[in-house]
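The structure under discussion appears below in the form of structure tokens.
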Amino acid sequence: PQVQTQTYDVRLSNHTNPAARALLECILRKRSNLCVSVDLSTSAELLEVVDAVGPSVCLIKTHMDIVEDFDQSVIDRLRVLSEKHDFLIFEDRKFADIGNTVVLQYSKGVHKIASWAQLTNAHVVPGSGIITGLASVGLPLGRGLLLLAEMSSAGTLAQGAYTDAALAMAREHRDFVVGFIAQRRLGDEDWLILTPGVQLGSGGDSMGQQYNTPREVVRRGADVIIVGRGVYGKRGEAGKEAERYRKEGWEAYLARVGG
Ligand code: BMP
């Protein structure tokens, strides 16, 4: 049977990476395939939105390098919320350097990403050494990696042969690479497909972002929909909006698997 039509329950048995398994288990427990991308630049705003959307999400995506008042307490408070509401954390770091450098960027510096993010991601432009490097840090900690195989933005170079190369690289590191940031299902194997560029009522922004609806991206193969401004854009309504997107994403999944 095609991965596309398998339930999250069946998909769970296709995965051995602990982060991938934890994500699928959380999706099933919460009946949520929604990841909210909380791109806010103060810790107070970030944590307020995370607390509001927490009940509706399986995953919170961060860009920790935009938080102006970052310190270890932001991570501590985020982890408290992840236990309170039951979600995983994905740092959207988009690593893009040689193996030796990404080892340091992943484990050290101000953010120490590997110590708190179950999932992170990487560009494949440097070649597979980037995966070897990240895996040397992440695998012993039970972390998982997503490769950027496609992007949502207009004019992206991540298409065609580039996307095929990302798939080939993933196949060489199946223990650590759990899936892709992509706009559709890739490959016959069970990869987790996380799709950004999602909003109800498509369109885009003035800087090249392009949106598709939850229904459309799930139909094309998204396992997790990533929504940023669509959820936190209207002040004070993030909780309500997250629940709306959770329902949309879940109904689209049920339609895809024929439930
Ligand atoms: P928004 O829904 O507000 O457009 O936010 C999308 C989020 O997903 C941003 O954090 C962006 O960095 C990320 N993203 C994206 O939009 N397209 C991609 O192809 C890959 C991304 O990580």
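The values are calculated or read from the model by the stated rules, or taken from the named source; none is laboratory data. Here the structure is a predicted model, which means the values were calculated and not measured. Glycine also receives a Cβ, built like all others from the backbone with ideal geometry; neighbour counts cover every protein chain displayed.
Descriptive notes on the structure:
- Selection within the stretch 83-98 - farther than 21 Å from ALA149 by Cβ, without any contact (Cβ under 8 Å) to a residue 40 or more places away in the chain and crowded, with 20+ Cβ neighbours inside 10 Å: ILE89
Table: residues versus (1) of a type in the set (S, T, N, Q); (2) modelled with pLDDT of 95 or more.
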position	(1), (2)
GLN2	yes, no
SER13	yes, yes
ALA19	no, yes
SER41	yes, yes
LEU46	no, yes
ASP51	no, yes
MET64	no, yes
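- PHE70 crowded, with 17+ Cβ neighbours inside 10 Å, of a type in the set (A, V, I, L, M, F, W, C), more than 16 Å from the ligand (Cβ to nearest atom) and more than 15 Å from LEU119 (Cα to Cα): yes
- Residue that is surrounded by the fewest Cβ atoms within 10 Å (Cβ to Cβ) [pool: residues in the stretch 187-208 that are at pLDDT 95 or above, under 25 Å from ALA52 (Cα atoms) and polar (S, T, N, Q)]: GLN199
- The stretch 214-247 - residue that is surrounded by fewer than 17 Cβ atoms within 10 Å (Cβ to Cβ) and not in a helix (DSSP H, G or I) and, of those, farthest from the ligand (Cβ to nearest atom): GLY236
- Set VAL110, VAL3, VAL49, VAL57: member being surrounded by fewer than 22 Cβ atoms within 10 Å (Cβ to Cβ) and touching a Phe, Trp or Tyr at 6+ places or on another chain (Cβ under 6 Å): VAL49
- GLY133 vs. criteria touching a Gly at 6+ places or on another chain (Cβ under 7 Å) and more than 30 Å from ARG31 (Cβ to Cβ): yes
- Matching residues, the stretch 123-153, being out of contact with any strand residue (DSSP E or B) (no Cβ under 6 Å at 6 or more places or on another chain) and under 21 Å from GLN183 (Cβ atoms): VAL125, GLU150, MET151, SER153
- Single unsatisfied condition, ALA170 versus (1) outside any strand (DSSP E or B); (2) crowded, with 21+ Cβ neighbours inside 10 Å; (3) of a type outside the set (Ser, Thr, Tyr); (4) within 16 Å of the ligand (Cβ to nearest atom): (4)
- The listed residues are THR132, THR101, THR156, and the only one of them that is within 12 Å of the ligand (Cβ to nearest atom), surrounded by fewer than 18 Cβ atoms within 10 Å (Cβ to Cβ) and of a type in the set (S, T, N, Q) turns out to be THR156.
- Of all residues making up the stretch 135-153, the number that are away from the ligand (no atom under 16 Å from the Cβ) and of a type outside the set (S, T, N, Q): 8
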